[in-house]
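Contents: one structure, followed by commentary.
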Amino acid sequence: MRNDPMEQKLKTAAEHLTPDVLDRILADCAKEPKGEILYMENISDPRSRNNNWIKVLSLGTAACMMIGGLFWWNRYRALNYTVEMDVNPSIELRVNKAEKVISAEALNKDAEIILEDMKLKGVDVDVATNAIIGSMVKNGYLSELSNSILLTVESDDHQKSVEVTDRLTNEINAALDSFGGSVIAQQVVSDNDLQNMAGDYGISEGKAALIRNILNELPMLKAEDLAEMSINDLNLLASSKQIALSNTTTTGSASESGYIGTARAEEIALEHAGITSADTDFINTELDCDGGIMEYEVEFLAGGVEYEYSINARTGQVLSYEYELSSGGSVSAGGNYITAQEARQAALDDAGLTESEVTFIKTKLDQDNGSMVYDIEFYTASQEYDYEIDALTGKVLSVDNEIGGFTAQTQTGSYISAEEAKAKVLEHLGMDASEVTFKKVELDYDDGMMQYEIELYTADREYDYDLNAQDGSILSWDFEALKAWNQGGSGSTAAAAAIDSETARSKALAHAGLSTATFTKTELDYDDGRAEYEIEFYTADSEYEYKIDGTTGAVLESKQEARQTSGGSSTISEADAKRIALERAGLTAADYVKVDYDQDDNEYEVEMRSGNTEYEVKISGSTGAVLEYDSETDD
């Protein structure tokens, strides 16, 4: 429908409502103005002033809201520091400046059990720590058998790290008061090496930092072995070796309740050797680690024989043992082994010789591939013999006979007896036999002559002598100071080290006249009850071996040798060797990689496994060239 008439009516109505006054207004504007003219631009409107204040207030409110928001974010949402707690469960807490937990993360499967049903976000970090420790105790991860926990605090503010570490250490110790805990507390700043180690072995950065700390003091150990060990085992290892860990404090003592104990380890070793504690002249036992397995190393002397045993610390299994014959002693070991004289006679019978026709230079009982054997060496005017005799049966296991190539000693005539050699030493010392214990009296061939190598000790010293076997003249001698120890067979009282490994290294360097070197070994050991550091290092042209008194820092022994030209230090890194091995195998990664460095040959040996294929690659440490390559695929 069209609506034009309607539109017209509306238009007309609108015109009548609006008066047509335009002409009159224009006419008035043309007339002269009356009165005073006021110019309005100089007069402000009060409403305008109010509007300006409103604008200012609005901007101020917005600024306050922004500042408040930033403050709230900085205090409640921004990360201030992280806390890691490792036992076997590994847990990470991220904490804000209000000391509230931002997030709690389980770093392994065991940690998922601990954090199950826990809602820690927004909880005070001290309360969260107590809750986590309680859950670890409840689930059996912390107990009297394994009481150690690693606490790691990471922050850019070192002072804050120390304050948090101290506070949480106290919280944990209080929570474990019922059975006595041991807290290893450390402050850490993350770096690429820590992140890579943690990723390679599937551990927390805190545990990686502890392992790196231990390896700095005990470089002969392997990271992959330590990564498999519990925090309690690592704590016991560090305590036993008395190593100084940087940026770390330890409270309490790690529990050995899960181990057989020192006394039982000594009993097992003595039972295996077939002797009683009353028969021992000296015994020393130390907790150590080999291949990631905690073991007791038991050393003792009895009947002129030195014994060394490795006993599994948890099961009591004899892992290895070695006997070394000295001073004409013989080993009974339960009455099963033949005597040294019987072993010598077996070798003589096989060679078709009599004792009057030969000179013995070595008789040693040793372990070879799990069996006890006698190593026997002797010579005639024109031949040298080297025998291995089964210590149980007397059977000849191997023989090496050199004809023509042997250079006989330059001395002529007969040799003094072992008793005469011992008498020469006693005369030199001004002592009688009741004041000393002989550990070793052995006839050997060295530097073109027959010599007696004699070791003995008194109440406070250990002596080493080399005597001319023909006339008894003293070729060389030295001594080492000893700490007090018990001779009753019930164990030794070993003196604890008073200096740390870094101080021992400094003493060795100063004695060698060096300011820096590459260290290959720093190990705290006990020798006849005395704590001593065994230190090895090298420079571009020399290799050094030192023994440093762990109490006084005195240099006990030192040795320097020119470095072999066939060896040398590696010019490629371990990471380079790993990369080269992977490239040679056509791999970008492997399920398992192990890298060993042979310093003598300056070579890397890399073992890898990918899927069902194993690889072995030998790489030059100086050039990076692949020297050997082998791969084997499982059927």
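If we scan region 101-109, do we find a residue that is more than 18 Å from S190 (Cα to Cα), open to solvent by less than 30 Å² (accessible area, probe 1.4 Å), under 27 Å from the mean Cα position of the chain (by Cα) and not acidic (D, E)?
no
If you take the residues in region 180-226 that are in a strand (DSSP E or B) and small (G, A, S), which one is nearest to D86 (Cα to Cα)?
At the first step, the residues of region 180-226 found to be in a strand (DSSP E or B) are 182-188.
The next check asks that each one be small (G, A, S); those that pass are 182, 185.
Working: S182: 12, A185: 11 Å.
Filtering region 180-226 for residues that are in a strand (DSSP E or B) and small (G, A, S), the one nearest to D86 (Cα to Cα) comes out as A185.
What pairs can you find where one residue is in region 607-620 and closer than 20 Å to D576 by Cα, the other is open to solvent by 70 Å² or more (accessible area, probe 1.4 Å) and not in a strand (DSSP E or B), and their Cβ atoms are less than 6 Å apart, with a gap of 6+ or different chains?
Qualifying pairs under 6 Å: R609/D591; S610/D591; V617/R584.
Those residues that are within 16 Å of Y259 (Cα to Cα), open to solvent by 60 Å² or more (accessible area, probe 1.4 Å) and either without any contact (Cβ under 8 Å) to a residue 24 or more places away in the chain or aliphatic (A, V, I, L, M) (or both), I need them from region 276-299; list them, please.
I293
Take L215 and decide whether it is open to solvent by less than 60 Å² (accessible area, probe 1.4 Å) and at pLDDT below 90.
yes
Could you run through region 247-260 and say how many residues are surrounded by 15 or more Cβ atoms within 10 Å (Cβ to Cβ) and either small (G, A, S) or in a helix (DSSP H, G or I) (or both)?
4
Counting only residues that are more than 25 Å from F378 (Cβ to Cβ), open to solvent by less than 50 Å² (accessible area, probe 1.4 Å) and free of Cβ contacts under 8 Å to residues at least 60 places away in the same chain, how many does region 459-481 have?
Total meeting the criteria: 1.
Kindly indicate whether Y592 is within 26 Å of G199 (Cα to Cα) and in contact with a Ser or Thr (Cβ under 6 Å, 6 or more places away or on another chain).
Numbers: within 26 Å of G199 (Cα to Cα): yes; in contact with a Ser or Thr (Cβ under 6 Å, 6 or more places away or on another chain): no.
In short, no.
Quick check on G624: is it on the phi > 0 side of the Ramachandran plot and at pLDDT 80 or above?
yes
For the subset of region 424-458 comprising residues that are free of Cβ contacts under 8 Å to residues at least 12 places away in the same chain and part of a loop (DSSP other than H, G, I, E, B), which member is most open to solvent (accessible area, probe 1.4 Å)?
D447
Within region 300-322, take every residue that is crowded, with 21+ Cβ neighbours inside 10 Å and modelled with pLDDT of 85 or more and give me the one that is farthest from E455 (Cα to Cα).
A313
List the residue pairs whose Cβ atoms are under 6 Å apart, where the first residue sits in region 213-235 and is more than 23 Å from S146 (Cα to Cα) and outside the structural domain of S90 (by TED's automatic domain parsing), the second is in a helix (DSSP H, G or I) and open to solvent by less than 10 Å² (accessible area, probe 1.4 Å), and the two are 6 or more positions apart or on different chains.
Sorted first by the residue in region 213-235, then by its partner, the list stays empty.
Evaluate the following for A175: is it free of Cβ contacts under 8 Å to residues at least 60 places away in the same chain and within 16 Å of the chain's Cα centre (by Cα)?
no
Quick one: what pairs do we get from region 538-563, first residue closer than 16 Å to S501 by Cβ and assigned to a strand (DSSP E or B), second open to solvent by 50 Å² or more (accessible area, probe 1.4 Å) and among the hydroxyl-bearing types (S, T, Y), C-beta under 6 Å, 6+ apart or different chains?
From region 538-563, the pairs are Y546/S558.
I'd like the full set of residues that are open to solvent by 50 Å² or more (accessible area, probe 1.4 Å), assigned to a loop (DSSP other than H, G, I, E, B) and either under 20 Å from A208 (Cα atoms) or aromatic (F, W, Y) (or both), limited to region 148-178.
Within region 148-178, D156 is the sole residue that qualifies.
Report yes if Q341 is open to solvent by 40 Å² or more (accessible area, probe 1.4 Å), modelled with pLDDT under 90, closer than 23 Å to L456 by Cβ and in the same structural domain as V396 (by TED's automatic domain parsing), otherwise no.
Spelling it out, Q341 is indeed open to solvent by 40 Å² or more (accessible area, probe 1.4 Å), modelled with pLDDT under 90, closer than 23 Å to L456 by Cβ and in the same structural domain as V396 (by TED's automatic domain parsing).
For V593, state whether it is in contact with a helix residue (DSSP H, G or I) (Cβ under 9 Å, 6 or more places away or on another chain), at pLDDT below 80, open to solvent by less than 80 Å² (accessible area, probe 1.4 Å) and assigned to a strand (DSSP E or B).
Yes, satisfied.
Collect the residues in region 353-362 that are open to solvent by less than 60 Å² (accessible area, probe 1.4 Å) and outside any strand (DSSP E or B), keeping them in residue-number order.
Selection gives L353, V358.
The values are calculated or read from the model by the stated rules, or taken from the named source; none is laboratory data. Predicted model only: the values in this text are computed from it and were never measured. Cβ atoms come from the backbone with ideal geometry, glycine included; neighbour counts cover every protein chain shown. SASA here: full protein model, heavy atoms, side chains in, ligands and nucleic acids out. Shrake-Rupley method; radii C 1.70, N 1.55, O 1.52, S 1.80 Å.
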